[in-house]
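J.: Before anything else, here's the structure in question.
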Amino acid sequence: MDYSPITKAPVDQMKVRPNLIDVRTLGGHFDWQSLEKELGLVEGVNYNLAYAAIDRHLESARRNKVALYWEGKGGEQEQYTFTDLAQLTNRFANVLLGLGVKKGDRVFLFMERIPELYVAFFGALKAGAVVGPLFSAFGPDPVRDRLADSGARVLVTTPDLKVRLEPILDSLPDIKHYVMVNKNNRSSYNPAKLDLSYEEVMANASSDFKIVARSKDDYSIMHYTSGTTGKPKGAVHVHQATIQHYATGRWALDLQQNDLYWCTADPGWVTGTSYGMSAPWTNGISQLIYEGGYRASTWYSLIQKYKVTVWYTAPTAVRMLMKAGDSLPQQYDLSSLRHICSVGEPLNPEAVIWGTKVFKQPIHDNWWQTETGAILIANYPVMAVRPGSMGRPIPGVTASIVDDTFQPMPPGKEGHLAIKPPWPSMFRTYWGNEAMYRSKFKNGWYITGDRARRDEDGYFWFIGRADDVIKSAGHLVGPFEVESALIEHPAVAEAGVIGKPDPIAMEVVKAFVALKDGYQPTEELRRELMHFARKKLAAAVAPREIEFVDKLPKTRSGKIMRRLLKARELGLPAGDTSTLEDD
Ligand code: ATP
Ligand code: MG
């Protein structure tokens, strides 16, 4: 597959001058500490993500700027300035101190994307707690596992969601208080013994609060990983991560003062906090939060209505928009969009090209993980985009490809994607599993679990997760390459590729394919796809088998679960399915 690079206009001819011009050296004037100074963070005084994201703006004209435009599922609208957020989060911090919450205690949130989630999140940080947001679509078991593992003391939730937790409430002895946000309560819920009304406790709390100063290395946020490759792990982050959210918000998302930014990720996953809270607000940017889920027409209308300029979304969403067709976006005015980014899974080259047709600009892929806390590899606005590449490392971070003995390899070779520790937003442990945390560091590198290759110009290309790479007749086959080839066919909406054990080749490539609306899964189409893939890929890499499916199994954050496709194919146990999307 040969995709030409998508070049950019010279900087002086761009409509908006990007924040980061010299990607490789940053003009030679870069050190992380200078960003702490820019944010006014001082250890022992105000070192806290909540200060950098909210309270620091009270000292500038941004105090009256709208930080949060909220649109509810039912079309409700609310707005909060940085001053509003500062006062509300002060109140919530007072509430928590009143409940006896101490530095380092875990406060967990189980809520839909309503403004109170954001208030509770930063209020908990102000009080010195470690905050853990949980995705609101979880059923009782995944919630119990995470609350029990983390030993959370307070859960902030809503009556609708607490009703769902009834079966597990007796198994959560560590929780001392449930703070119930009664907004839009639709359930027939009767308050229980440990319940407090958010509205009542907030009304009685003072809006003055002195932020509990933390040190750089104090824990701030816990996020359980997506569970794509196995049981989710509780990655623990520290307050210092703030400076990298701030920097990458500026460099990779190119956030600028007049932007209206929309991150579609839920705060239950790391993108929803690092880039749905910290990056925009540390940069003093106005952002849209939409409570509802994906729907192509709603999403386009939100971009039009709020005049979204910078948009951060995920490959699964882009593929769904592609599936909804090219004529739908023409019914909306999407001309406000000036920079689009994606993360979470490999972004198929076809999706990058589709962006240039529909949005008149490429979609900028970037790579990172829950563990890395922030973007580490990105396509920046100034860079030519090479469709299918994740981009280049951010300033201050060294990424490499290492072999099985963890020695760096030259450009062009495939191997483990590895990062030189430390970087500010690096996770500091897996909660309760220090041994697993240590096992990720080898020979002075953090081993990401992903396989990739770097080209001569320093662009990184994703091959597949180490667990998913297929060994077929002496070749290592990356599922991403095969999936991307299939997706180029007009009938294919999505593809998931696995290795199927084979007595001769060790493994053969098998593809599961979901079709776009209007296409039938016929034998003729199957043969056509086999032929199509063979033309695009080497014979050893092309799928030997193609099976049509209605949809692919995915995590709730939208990632294809290849391990589940494989387990089903081989009749093996499914393993941990706590993050599996509903059927
Ligand atoms: P688990 O660790 O529980 O198996 P997960 O790895 O999916 O789940 P996350 O931390 O949410 O959990 O996802 C990070 C992973 O997502 C990366 O390691 C990589 O495999 C994939 N990923 C993220 N961004 C990209 C990208 N731009 N290109 C390719 N893969 C990506
Ligand atoms: Mg992972």
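The values are calculated or read from the model by the stated rules, or taken from the named source; none is laboratory data. Since we're looking at a predicted model, the values are computed, not measured. Note: ideal-geometry Cβ built from the backbone for every residue, glycine included; neighbour counts use all protein chains shown. We work out accessible area using only protein heavy atoms, side chains counted, and drop any ligands, DNA or RNA first. Shrake-Rupley method; radii C 1.70, N 1.55, O 1.52, S 1.80 Å.
J.: Restricting attention to segment 30-39, does a residue exist that is at pLDDT 95 or above and assigned to a loop (DSSP other than H, G, I, E, B)?
T.: Scanning segment 30-39 turns up at least one residue that is at pLDDT 95 or above and assigned to a loop (DSSP other than H, G, I, E, B).
J.: Go through segment 174-212 and give me each residue that's closer than 12 Å to residue 162 by Cβ, aromatic (Phe, Trp, Tyr) and either at pLDDT below 95 or part of a loop (DSSP other than H, G, I, E, B) (or both).
T.: 189
J.: State all residues of segment 519-561 that are open to solvent by 20 Å² or more (accessible area, probe 1.4 Å) and under 30 Å from residue 137 (Cα atoms); if no residue qualifies, say none.
T.: Answer for segment 519-561, where residues must be open to solvent by 20 Å² or more (accessible area, probe 1.4 Å) and under 30 Å from residue 137 (Cα atoms): 547, 548, 549, 550, 551, 556, 557, 559.
J.: A further question follows. Residues in segment 19-30: is at least one among the polar types (S, T, N, Q) and in contact with a Lys or Arg (Cβ under 7 Å, 6 or more places away or on another chain)? Reasoning before the result, please.
T.: Going residue by residue through segment 19-30, those that are among the polar types (S, T, N, Q) are 19, 25.
This time we only want the ones that are in contact with a Lys or Arg (Cβ under 7 Å, 6 or more places away or on another chain), so: 19.
Scanning segment 19-30 turns up at least one residue that is among the polar types (S, T, N, Q) and in contact with a Lys or Arg (Cβ under 7 Å, 6 or more places away or on another chain).
J.: Follow-up question, since we're still on this one. Restricting the search to segment 93-132, which residues are assigned to a helix (DSSP H, G or I), over 21 Å from residue 65 (Cβ atoms) and not polar (S, T, N, Q)? Spell out how you get there, then give the answer.
T.: Taking segment 93-132 as the starting set, the residues that turn out to be assigned to a helix (DSSP H, G or I) are 93-98, 115-126.
Next, only the ones that are over 21 Å from residue 65 (Cβ atoms) stay: 93-98, 120, 124.
Matches in segment 93-132: 93, 95, 96, 97, 98, 120, 124.
J.: Something else about it: Mind counting the residues in segment 180-237 that are farther than 30 Å from residue 40 by Cβ and within 16 Å of ligand 1 (Cβ to nearest atom)?
T.: 11
J.: Residues that are in contact (Cβ under 8 Å) with a residue 60 or more places away in the chain: find the strands (runs of 3 or more DSSP E) completely inside segment 216-272 holding 2 or more of those.
T.: Working: elements: 219-224, 234-238, 260-263.
Of the strands (runs of 3 or more DSSP E) lying wholly inside segment 216-272, those with at least 2 residues that are in contact (Cβ under 8 Å) with a residue 60 or more places away in the chain span 219-224, 234-238.
J.: Would you point out which residue out of 565, 580, 570 is under 20 Å from residue 230 (Cβ atoms) and open to solvent by 40 Å² or more (accessible area, probe 1.4 Å)?
T.: Numbers: 565 fails: open to solvent by 40 Å² or more (accessible area, probe 1.4 Å); 580 fails: open to solvent by 40 Å² or more (accessible area, probe 1.4 Å).
Step by step, each of 565, 580, 570 is checked, and only 570 is under 20 Å from residue 230 (Cβ atoms) and open to solvent by 40 Å² or more (accessible area, probe 1.4 Å).
J.: Same structure, new question: Collect the residues in segment 245-273 that are β-branched (Val, Ile, Thr) and within 16 Å of ligand 2 (Cβ to nearest atom), keeping them in residue-number order.
T.: 270, 271 - these are the residues of segment 245-273 that are β-branched (Val, Ile, Thr) and within 16 Å of ligand 2 (Cβ to nearest atom).
J.: Quick one: is residue 355 part of a helix (DSSP H, G or I), within 18 Å of residue 378 (Cβ to Cβ) and either touching a helix residue (DSSP H, G or I) at 6+ places or on another chain (Cβ under 9 Å) or not charged (D, E, K, R) (or both)?
T.: Numbers: part of a helix (DSSP H, G or I): yes; within 18 Å of residue 378 (Cβ to Cβ): yes; either touching a helix residue (DSSP H, G or I) at 6+ places or on another chain (Cβ under 9 Å) or not charged (D, E, K, R) (or both): yes.
When the stated conditions are applied, residue 355 passes them.
J.: Is it the case that residue 481 is away from ligand 2 (no atom under 16 Å from the Cβ), surrounded by fewer than 19 Cβ atoms within 10 Å (Cβ to Cβ) and among the acidic types (Asp, Glu)? Spell out how you get there, then give the answer.
T.: Values: away from ligand 2 (no atom under 16 Å from the Cβ): yes; surrounded by fewer than 19 Cβ atoms within 10 Å (Cβ to Cβ): no; among the acidic types (Asp, Glu): yes.
Considered against the rule, which asks whether it is away from ligand 2 (no atom under 16 Å from the Cβ), surrounded by fewer than 19 Cβ atoms within 10 Å (Cβ to Cβ) and among the acidic types (Asp, Glu), residue 481 comes out as no.
Residues checked against (1) within 16 Å of ligand 2 (Cβ to nearest atom); (2) surrounded by fewer than 22 Cβ atoms within 10 Å (Cβ to Cβ); (3) of a type outside the set (S, T, N, Q); (4) more than 30 Å from residue 426 (Cα to Cα):
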| position | (1), (2), (3), (4) |
| --- | --- |
| 326 | no, yes, yes, yes |
| 351 | no, no, yes, no |
| 355 | no, no, yes, yes |
| 361 | no, yes, no, yes |
| 371 | yes, no, yes, no |
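J.: Take the residues in segment 459-474 that are surrounded by 15 or more Cβ atoms within 10 Å (Cβ to Cβ) and assigned to a strand (DSSP E or B); name whichever of them is farthest from ligand 1 (Cβ to nearest atom).
T.: Per the criteria, the residue is 472.
J.: Here is a follow-up. Before we move on, is residue 372 within 10 Å of ligand 1 (Cβ to nearest atom) and of a type in the set (Ser, Thr, Tyr)? Show your work before the answer.
T.: On the way: within 10 Å of ligand 1 (Cβ to nearest atom): yes; of a type in the set (Ser, Thr, Tyr): yes.
Yes.
J.: Do we find a residue being assigned to a loop (DSSP other than H, G, I, E, B) and closer than 20 Å to residue 245 by Cα anywhere in segment 6-19?
T.: At the first step, the residues of segment 6-19 found to be assigned to a loop (DSSP other than H, G, I, E, B) are 7-10, 14-19.
Still in the list and also closer than 20 Å to residue 245 by Cα: 18-19.
Checked segment 6-19: at least one residue is assigned to a loop (DSSP other than H, G, I, E, B) and closer than 20 Å to residue 245 by Cα.
J.: In addition: Please state which of the following conditions residue 442 fails to meet, knowing it meets all the rest: (1) without any contact (Cβ under 8 Å) to a residue 24 or more places away in the chain; (2) more than 15 Å from ligand 1 (Cβ to nearest atom).
T.: (1)
J.: Residues 242, 225, 229: which one is β-branched (Val, Ile, Thr), touching a helix residue (DSSP H, G or I) at 6+ places or on another chain (Cβ under 9 Å) and away from ligand 2 (no atom under 16 Å from the Cβ)?
T.: The unique qualifying residue is 242.
J.: Then there's this: Does segment 278-293 include one or more residues that are assigned to a loop (DSSP other than H, G, I, E, B), away from ligand 2 (no atom under 16 Å from the Cβ), among the aliphatic types (A, V, I, L, M) and surrounded by 22 or more Cβ atoms within 10 Å (Cβ to Cβ)?
T.: Pass one, segment 278-293, residues assigned to a loop (DSSP other than H, G, I, E, B): 283-285, 291-293.
Filter once more, so that each one left must be away from ligand 2 (no atom under 16 Å from the Cβ): 283-285, 291-293.
Okay, now just the ones that are also among the aliphatic types (A, V, I, L, M), so 285.
After this cut, where a residue has to be surrounded by 22 or more Cβ atoms within 10 Å (Cβ to Cβ) as well, the list is 285.
Scanning segment 278-293 turns up at least one residue that is assigned to a loop (DSSP other than H, G, I, E, B), away from ligand 2 (no atom under 16 Å from the Cβ), among the aliphatic types (A, V, I, L, M) and surrounded by 22 or more Cβ atoms within 10 Å (Cβ to Cβ).
J.: Something else: Which is among the aromatic types (Phe, Trp, Tyr), under 24 Å from residue 390 (Cβ atoms) and in contact with a strand residue (DSSP E or B) (Cβ under 9 Å, 6 or more places away or on another chain), of 480, 548?
T.: Details: 548 fails: under 24 Å from residue 390 (Cβ atoms).
When all the criteria are applied, what remains is 480.
J.: Taking the residues in segment 490-504 that are open to solvent by 10 Å² or more (accessible area, probe 1.4 Å) and under 25 Å from residue 471 (Cα atoms) as candidates, determine which candidate is nearest to the chain's Cα centre (by Cα).
T.: 494
J.: For segment 97-112, give me each residue that is among the aliphatic types (A, V, I, L, M) and farther than 22 Å from residue 136 by Cα. Before you say what the answer is, go through the steps one by one.
T.: Initially, segment 97-112 is screened for residues among the aliphatic types (A, V, I, L, M), giving 97, 99, 101, 107, 109, 111.
Within segment 97-112, 97, 99, 101 meet the criteria.
J.: Working only within segment 295-352, note down all residues that are assigned to a loop (DSSP other than H, G, I, E, B) and in contact with an Asp or Glu (Cβ under 6 Å, 6 or more places away or on another chain).
T.: Residues of segment 295-352 that are assigned to a loop (DSSP other than H, G, I, E, B), as a first pass: 295, 307-309, 314, 324-326, 331-338, 343-348.
Listed by number, the residues that qualify are 309, 347.
J.: Right, here's the next one. Within segment 392-415, track down each residue that is touching a Lys or Arg at 6+ places or on another chain (Cβ under 6 Å), open to solvent by 30 Å² or more (accessible area, probe 1.4 Å) and part of a strand (DSSP E or B). Spell out the reasoning first.
T.: Step one: filter segment 392-415 for residues touching a Lys or Arg at 6+ places or on another chain (Cβ under 6 Å), giving 398, 401, 406, 411, 414.
From what is left, the residues that are open to solvent by 30 Å² or more (accessible area, probe 1.4 Å) are 398, 406, 411, 414.
Hit for segment 392-415 is 414, nothing else.
J.: Could you count how many residues in segment 303-317 are buried (at least 21 other Cβ atoms within 10 Å of the Cβ) and either more than 25 Å from residue 492 (Cβ to Cβ) or touching a Leu at 6+ places or on another chain (Cβ under 7 Å) (or both)?
T.: Final tally of qualifying residues: 7.
J.: Specify the residue that is least open to solvent (accessible area, probe 1.4 Å); the eligible residues are those in segment 421-458 that are more than 16 Å from ligand 2 (Cβ to nearest atom) and among the small types (Gly, Ala, Ser).
T.: Result: 458.
J.: Which pairs turn up if I take residues in segment 490-510 that are at positive phi and look for partners that are of a type in the set (S, T, N, Q) and buried (at least 21 other Cβ atoms within 10 Å of the Cβ) with beta carbon separation below 6 Å, at least 6 apart in sequence or on another chain?
T.: none
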